[in-house]
Amino acid sequence: MKEWRDRDARTIRPTDVLDLLYGIVDRGSPTMANRTAAILTQMFKFGIQRHHVETSPVQLLYPPGGREKPRDRALSDEELGALLACVDDVMIRAPITPHAVRIALYTACRRSELCLAKWSDVTLDGDSPTWRIPVENSKTEVEYLVPLVPVAVAEFERLKRRADRSRYVIPNATGDGPIDPKLITRSTARHLETLAEHGVAAFTLHDLRRTVRTGLSRLKIQPHGAERVLNHAQLGIATVYDVFAYSDEKRDALTKWAAHLATLKGP
């Protein structure tokens, strides 16, 4: 939005917004046009709330970049083997990101759930290590337990040593708060070109969740169990109360998935 760098927000008209957004589309970035439209909408809503502007010039009937197709990216076994083999070396200057990538693969967690996690919610000892995702961190607004298989426990233990005395699993720079999830996303994105040289095509952290779901189906995990692993919203009031539902099934599914990942070899 450098075109507006010296503009008074009160002088921006709906036609200016359309020119900006369709200019982005014309440059071959329809998805970026939709993201920019969303940012502008929030920005002018904030301006109205703070009395900087009286009205919003963002008056769109439909996304400027058109309706986006749902992503269907899932990593192949070859890519998974390559990723697990090279991620530490490729991301050597971003040492937290490889842990986030592996935990996403071993647990199918969401990016925000990991970045907001506290050590008080993680139990690494005993026969059944678990990670509790409280209601406030859960996209489905339901408390959820993630069974931790041994390789996932190892990743949390490494993060524990890095976190020092912070109460957050992945703390921010000062240690008094959680890391911004966007930092993990940007770190992953910065290394995609190098990962591609190792045989791993571009992916997002959310694509790893889809990869896990696809892999569980290939391992013949029943659909209801696989959906529980991903903590997808379930129908029925029972889900509100049954925090421990399908714990054994989820642990069994993730154990089989981890065993499958262990057989994959990098190039």
Legend entry - Search result, residues across region 127-170 that are within 24 Å of residue 260 (Cα to Cα), open to solvent by 10 Å² or more (accessible area, probe 1.4 Å) and of a type in the set (Gly, Ala, Ser): 128, 154
Inset, instruction - Could you list all residues from region 119-164 that are assigned to a loop (DSSP other than H, G, I, E, B), modelled with pLDDT under 95 and among the hydrophobic types (A, V, I, L, M, F, W, C)? - result: 142
Legend entry - In region 244-256, the residues that are outside any helix (DSSP H, G or I) and either at pLDDT below 55 or open to solvent by 70 Å² or more (accessible area, probe 1.4 Å) (or both): 244, 246
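Need a quick list: helices (runs of 4 or more DSSP H) entirely within region 1-118 having at least 1 residues that are farther than 25 Å from residue 146 by Cα and either open to solvent by less than 30 Å² (accessible area, probe 1.4 Å) or not β-branched (Val, Ile, Thr) (or both).
Ranges flagged: 14-26, 30-49, 77-90.
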Inset, instruction - Six or more apart or on different chains, Cβ under 7 Å: which pairs go from a residue in region 4-28 that's modelled with pLDDT under 90 to one that's part of a helix (DSSP H, G or I)? Could you list them? - result: 24/32; 24/33; 24/36; 25/33
Legend entry - Selected residue (only one of 17, 58, 90 is in contact with a Phe, Trp or Tyr (Cβ under 7 Å, 6 or more places away or on another chain) and not hydroxyl-bearing (Ser, Thr, Tyr)): 58
Inset, instruction - Considering each residue of region 218-232, count those that are assigned to a loop (DSSP other than H, G, I, E, B), at pLDDT 90 or above and closer than 18 Å to residue 105 by Cβ, and give that number. - result: 3
Legend entry - Residue under evaluation residue 204, criteria (1) under 25 Å from residue 81 (Cβ atoms); (2) open to solvent by less than 30 Å² (accessible area, probe 1.4 Å); (3) within 15 Å of the chain's Cα centre (by Cα), criterion not met: (2)
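The values are calculated or read from the model by the stated rules, or taken from the named source; none is laboratory data. Small disclaimer: the values here were computed from a predicted structure and weren't measured. Reconstructed Cβ throughout: ideal geometry from the backbone, glycine too, with neighbour counts over all protein chains shown. Surface areas here come from the heavy atoms of the whole protein model, side chains and all, with no ligands, DNA or RNA. Shrake-Rupley method; radii C 1.70, N 1.55, O 1.52, S 1.80 Å.
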